[in-house]
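Structure record follows, encoded as structure tokens.
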Amino acid sequence: MAINNPGREEIGKILKNSKRIAVVGLSDNPERTSYMVSKAMQAAGYDIIPVNPTVDEVLGVKAVKTLKEIDGHVDIVNVFRRSEYLMEVAEEFAEIDADVYWAQLGLENEEAYNFLKEKGYTVIMDRCIKVEHALTR
């Protein structure tokens, strides 16, 4: 099965109905893409939760080491980890029962995609959440 993302209209609905985004691999380095994208999404009104075991805080928010440490529901898990780690993140994602698994631009893993689709989750891969937000406002 190939990776088949939702259409732009559905992605727009997802972004309009979502509030909390857990960002796996969010760096505290302002020059990294994960930081720039997350800062823009935070400025657009989203609650950003940094998920990174190597940092204490990013964008003024205390970081957690794993998705399982997050209190409350997560709408989108936005992943900034290399493609070979997407399955590992997908397994943890399924444990917290978030709504949407989103792998950033340039990232895709068919095993992770199939694993989550078989469980009925919405999966988006190889798309930039900031770009999609700008295109679907």
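Points worth noting:
- Residue selected from the range 72-116 under the condition of a type in the set (S, T, N, Q) and under 20 Å from GLN42 (Cβ atoms), by the criterion surrounded by the most Cβ atoms within 10 Å (Cβ to Cβ): ASN78
- One residue stands out in the range 117-134 among those that are within 26 Å of ALA43 (Cα to Cα) and not β-branched (Val, Ile, Thr): the one that is surrounded by the fewest Cβ atoms within 10 Å (Cβ to Cβ), namely ALA134.
- Answer residue from the range 39-65, given it is among the small types (Gly, Ala, Ser) and touching a residue at least 40 places away in the same chain (Cβ under 8 Å) and is surrounded by the fewest Cβ atoms within 10 Å (Cβ to Cβ) among those: ALA44
- Options ASN29, ASN17: the member that is modelled with pLDDT of 95 or more, closer than 18 Å to TYR101 by Cβ and over 13 Å from the mean Cα position of the chain (by Cα): ASN17
- Any chance LEU26 is in a loop (DSSP other than H, G, I, E, B) and either under 24 Å from ARG137 (Cα atoms) or open to solvent by less than 20 Å² (accessible area, probe 1.4 Å) (or both): yes
The values are calculated or read from the model by the stated rules, or taken from the named source; none is laboratory data. Just so we're clear, the structure is a prediction, and the values are computed from it rather than from any experiment. Every residue, glycine as well, gets a Cβ built from its backbone with ideal geometry; the counts of neighbours run over all protein chains shown. Accessible surface is based on the protein model in full, side chains and every heavy atom, while ligands, DNA and RNA are left aside. Shrake-Rupley method; radii C 1.70, N 1.55, O 1.52, S 1.80 Å.
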